[in-house]
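Asks: Below is a structure I'd like to ask you about.
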């Protein structure tokens, strides 16, 4: 089987601060990248143990967070930024299943360390067809439209619960417990990696025996985005096909989840 791994940084054990760890100006950014890369490598080890033929790692953190020179030798890396997510569909559709490593919960979860959806400084919430969603649902629905199921996730406890509520049967490995947006209790790095390796291996073995189906919601789709600032809503409302709901909220409509979910 060919497996796709989407990565993020905020759900990694030992990473708790936007300011210090998630951007190039952060004093511990390089150390945080090393922690993420080691967790990804643990997942790759687990996948290889269960017979995966190919693993593609997607660096999904905004500023980039994979240490290329430290990446598992059996993995390939998709990095950089394309003009739109629809450009990735032709790549993703060639994979049999996907996983997420280093994931955080959606914006607004009170116990979640580093909770946010897309832009932590601008977005209040995303709501799809009347249901609040975060980055886990975005990715799972995008891949689901390509017949690629999400079968495993690692990250913060709230992110694991979010994934399990979204996709019955999905495997998850919690590597830290949030105590609020700015603090968490993390597992040790070796224990976090052990759980990820075991979880990825077991998830792929289970997928062969009892497959989890791709996540698909019925069309049509209404995506509502609420911003903290009226200026951001002004900018989005000026785009074609965007409806202004109120001072801080816009709506987008489409029959294709691929065209909508990352627009």
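Asks: Can you give me the relative contact order of segment 84-166 as a percent, contacts being Cα pairs under 8 Å and 6 or more apart? Don't skip to the end; give the middle numbers.
Replies: Working: 119 pairs, mean separation 31.6, N = 83.
Reported relative contact order: 38 percent.
Asks: Same structure, new question: Can you give the FRET efficiency to the nearest 0.05 for residue 254 and residue 165, using r as the Cβ-Cβ distance and R₀ = 25 Å?
Replies: On the way: r = 24 Å, r/R0 = 0.98.
With R0 = 25 Å, the Cβ-Cβ based efficiency is 0.55.
Asks: Roughly how many whole Å is it from the C-alpha centroid of segment 123-199 to that of segment 224-263?
Replies: Segment 123-199 and segment 224-263 have Cα centres separated by 25 Å.
Asks: Under the rule a/c < 1.5 gives rounded, and otherwise a/b versus b/c splits prolate from oblate, where does segment 116-183 land using the Cα gyration tensor? List each step's numbers first, then the result.
Replies: On the way: a/c = 2.09, a/b = 1.14, b/c = 1.84.
Since a/c reaches 1.5 but b/c is at least a/b, the shape of segment 116-183 is classed as oblate.
Asks: Can I ask one more? Between residue 239 and residue 205, what is the label-to-label distance in nm when each label sits 7 Å out along the Cα-to-Cβ direction?
Replies: Distance between the two pseudo-spin positions: 4.4 nm.
Asks: Relative to the longest principal axis of the C-alpha atoms of the chain, give the angle of the C-alpha long axis of helix 135-144, reported between 0 and 90° and rounded to the nearest 10°.
Replies: Tilt of helix 135-144: around 80 degrees.
Asks: Could you tell me which label, among (1) 16.5; (2) 13.0; (3) 19.8, carries the value of mean projected area of the Cα convex hull in nm² calculated for this structure?
Replies: Only one listed value fits the structure, namely (2).
Asks: Rounding to the nearest 10 and keeping the result within 0 to 90°, find how far the Cα-based axis of helix 157-166 lies from the longest principal axis of the chain.
Replies: 70
Asks: Let me ask something additional. Hey, in the GNM for the chain with a 10 angstrom Cα cutoff, which one of 230, 111, 93 fluctuates hardest?
Replies: Comparing 230, 111, 93 in the GNM, the peak value goes to 230.
Asks: If I take every Cα pair under 8 Å that is 6 or more residues apart in segment 127-263, average their sequence separation and divide by the length, what percent do I get for the relative contact order?
Replies: On the way: 193 pairs, mean separation 35.2, N = 137.
Dividing the mean separation by the residue count of segment 127-263 yields 26 percent.
Asks: Could I have the simple spin-label model distance between residue 218 and residue 49, label points 7 Å from Cα toward Cβ, reported in nm to one decimal?
Replies: Rounded to a tenth, the inter-label distance reads 4.2 nm.
Asks: Continuing with this model, one more query. Sorted by mean Cβ packing within 10 Å, highest first, what order do the peptides 167-177, 99-109 take? Walk me through the numbers on the way to the answer.
Replies: Details: 167-177: 20.9, 99-109: 25.9.
Answer by packing, highest mean first, reads 99-109, 167-177.
Asks: Something else about it: Taking every Cα atom in segment 28-138, find the radius of gyration and the maximum pairwise distance Dmax, and write them in Å.
Replies: Over segment 28-138's Cα set, Rg and Dmax evaluate to 15.4, 43 Å.
Asks: Ok, one more. Relative contact order of the chain: what whole-number percent is it, with Cα pairs under 8 angstrom and at least 6 residues apart? Could you put the intermediate results ahead of the total?
Replies: Values: 590 pairs, mean separation 58.0, N = 263.
It comes to 22 percent, rounded to a whole number.
Asks: As a check on your grasp of the helix formula, calculate [θ] at 222 nm for the chain: sum -39500 (n - 2.57) over DSSP H runs of n ≥ 4, divide by the residue count, round to the nearest 500.
Replies: Dividing the helical sum by the residues of the chain leaves -9000 deg cm²/dmol.
Asks: Next up: At a 10 Å Cβ-Cβ cut-off, how would you order 57, 40, fewest neighbours first?
Replies: Placing the least packed residue first, the sequence is 57, 40.
Asks: Pull out the extension gain between residue 81 and residue 228, defined as 0.36 nm times the separation in residues minus the alpha carbon to alpha carbon distance; nm, one decimal.
Replies: Details: separation 147, 0.36 × 147 = 52.92 nm, distance 2.52 nm.
Extending this stretch completely gives an extra 50.4 nm.
Asks: Could you order the peptides 66-73, 203-210 from most to least packed, using the average number of other C-beta atoms within 10 Å per residue?
Replies: Values: 66-73: 13.9, 203-210: 15.8.
Final packing ranking: 203-210, 66-73.
Asks: What nm value, rounded to one decimal, do you get for the distance between residue 191 and residue 74 when each label is placed 7 Å out toward the C-beta?
Replies: A separation of 2.6 nm, rounded to one decimal place.
Asks: Nearest 5 percent is fine: what portion of the DSSP beta bridges confined to the chain is antiparallel? Kindly include the intermediate steps, with their values, before the conclusion.
Replies: Numbers: 21 of 45 bridges.
Expressed as a percentage, antiparallel bridges in the chain total about 45.
Rule-based calculations on the coordinates, nothing more; no lab input. Only a predicted model underlies this, so the values are computations on that prediction, with no experimental measurement involved. Glycine also receives a Cβ, built like all others from the backbone with ideal geometry; neighbour counts cover every protein chain displayed.
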